[in-house]
Every structure is written in C-alpha cells, then in structure tokens.
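A short write-up of the structure that comes next.
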Amino acid sequence: QKEVEQNSGPLSVPEGAIASLNCTYSDRGSQSFFWYRQYSGKSPELIMFIYSNGDKEDGRFTAQLNKASQYVSLLIRDSQPSDSATYLCAANQAGTALIFGKGTTLSVSS
Amino acid sequence: KAGVTQTPRYLIKTRGQQVTLSCSPISGHRSVSWYQQTPGQGLQFLFEYFSETQRNKGNFPGRFSGRQFSNSRSEMNVSTLELGDSALYLCASSLVPGLAGTDTQYFGPGTRLTVL
C-alpha cells in the first residue's frame, strides 16, 4: 500500500526560527511531491511542489527532495505566528491520485 | 481567476438519508478530484473525474459515487448515510488527471457534512 508518513507533531518553534517539516513516502515510483498548508477549519492551500532531487526555494520556503532516501522536507525560514497550521505532504505518480500524509502541526510562538 | 467553488458549505443530515455535493473547478481545469477528510484518517482520496469519466478511484464503498458534466462541474453523492460519513468533503481541480507533468491541484473550501 502506498503511504506518505509525517510526524504529527506538534512541532513548536519560536518566532524567527527555522521550522523543518519532514515526510517519507513508500512508493518508489512517485514523481511529484507537494506541500500544502491547512489552517484550522479551512481547506488545504498549495505552498509549493517539487519534482527533481535537490532544493527548491520560494520566498521563505524551501522544499528538499531526496528520491534515493524517499524523503521530502519543507523548511520555513524566519517562522511567523501566521505560519502556525497543519502542513500536509503529498506524493503521486503521474496518472494516479495524490497520496497525502496525515500532516504535521506547526506552532510558532511569538 | 475564480478558485474552486463547492456547495453547500455545510450540511446536516440524518442516518439513512442521501446527500449530493457540488463542485465547480477553476476555469480551464478539466480534472476534478474528491477527498474525505476526518481527524483520524486525514485526507483520503475518493475519486477523480476527467472528461466526464472516472479515471481513478479510492477505497470507499459503493455508497459513494460521483459524476462529471460536460462543463467539468462535478457532483458526488453519498447514499444511506452513516455516522462515520461525517467529515469535510473537499474537491480539488487540476488541468489534467493524475497531475501528469508539472500540473498542480487546487482545493475548494469544502463541504462540512454532519450526520446525526
């Protein structure tokens, strides 16, 4: 069974720190990886996606992909209280459905 | 460009009833996926439609069904509701099915279904 695993948290970091969120996936055929942010009571919002090994940066966010280790991570620099949310990792192989992890809750304290 | 819209936003039903939820994708998006989200199970894939055809299906009972219209709008139906069907039902749209290539998926606001 294809799975995406995330530590449920909560992950607590002080304002201004770097938050590191991790995700592993079981399907070696996975090609695309996504990070979504979900505030309580809201729907998931796409933060960024990554397809190639290495790092991809977008503002304060950096996604890292290591296909050999089947590992994806999201770094949030200069964390703000507004970053407090649940972060969902998802993976898919082209033509198939997205498989989501259960999410990691991030709490940023001011 | 307008985002994904879902109606209704909230629903309260009783056991045994049936319910129909509606989703309009982002303009130009032809693929619509449905998910069920519960605190215990997280986001679980129900099914995906593209060009009025079901392309992928998750592991849910036959009480859960869907369809897509020629304008890409989609509906999902749950018959004989059970207490365990209480959840947030999310619709997501993308350009193509299965996110081939560099496609991405965007979620609607969801429909909160409560079964009493």
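When Lys and Arg each count +1 and Asp and Glu each count -1, what net charge do the other residues less than 12 Å away from B:Q68, Cβ to Cβ, add up to? Could you put the intermediate results ahead of the total?
Numbers: positive: B:R30, B:R55, B:R67, B:R73; negative: B:E48, B:E52, B:E75.
Around B:Q68, the surrounding residues sum to +1.
Bridgeable aspartates and glutamates around A:K56 (alpha carbons under 14 Å apart, same-chain partners fewer than 8 residues away excluded) are absent.
Please report the net charge: other residues with Cβ closer than 15 Å to the Cβ of B:D85, K and R +1, D and E -1.
Values: positive: B:K13, B:R15, B:R63, B:R112; negative: B:E82.
Computed value for this residue: +3.
Per-residue Cβ neighbour counts within 10 Å put A:S40, B:S22 in the sequence A:S40, B:S22, beginning with the fewest.
Going through region A:18-110, which trypsin sites (Lys or Arg not before Pro) have at most 12 other Cβ atoms within 10 Å and a DSSP loop state? Write down the numbers at each step before the final one.
Numbers: sites: A:R28, A:R37, A:K42, A:K56, A:R60, A:K67, A:R77, A:K102; in loops: A:R28, A:K42, A:R60, A:K67, A:R77, A:K102.
Passing sites in region A:18-110 are A:R28.
Placing pseudo-labels 7 Å out from each Cα toward the beta carbon at B:N77 and B:T53 gives an inter-label distance of 2.2 nm.
Of all DSSP beta bridges in chain B, what percent run antiparallel (nearest 5)? Numbers along the way, then the final one.
Details: 37 of 41 bridges.
Here the share of antiparallel DSSP bridges comes out near 90 percent.
For region B:1-97, run through the GluC sites (Glu not before Pro) and keep only the ones in DSSP coil with at most 11 other Cβ atoms within 10 Å of their Cβ. Walk me through the numbers before you get to the answer.
Working: sites: B:E48, B:E52, B:E75, B:E82; in loops: B:E52, B:E82.
Passing both the DSSP loop test and the Cβ count: no residue.
Values quoted throughout were computed directly from the atomic coordinates according to the rules given, and no laboratory measurement underlies them. Predicted, not measured: the structure shown is a model, and the values here were computed from it. Here the Cβ is made from the backbone with ideal geometry for all residues, glycine too, and neighbour counts use every protein chain on show.
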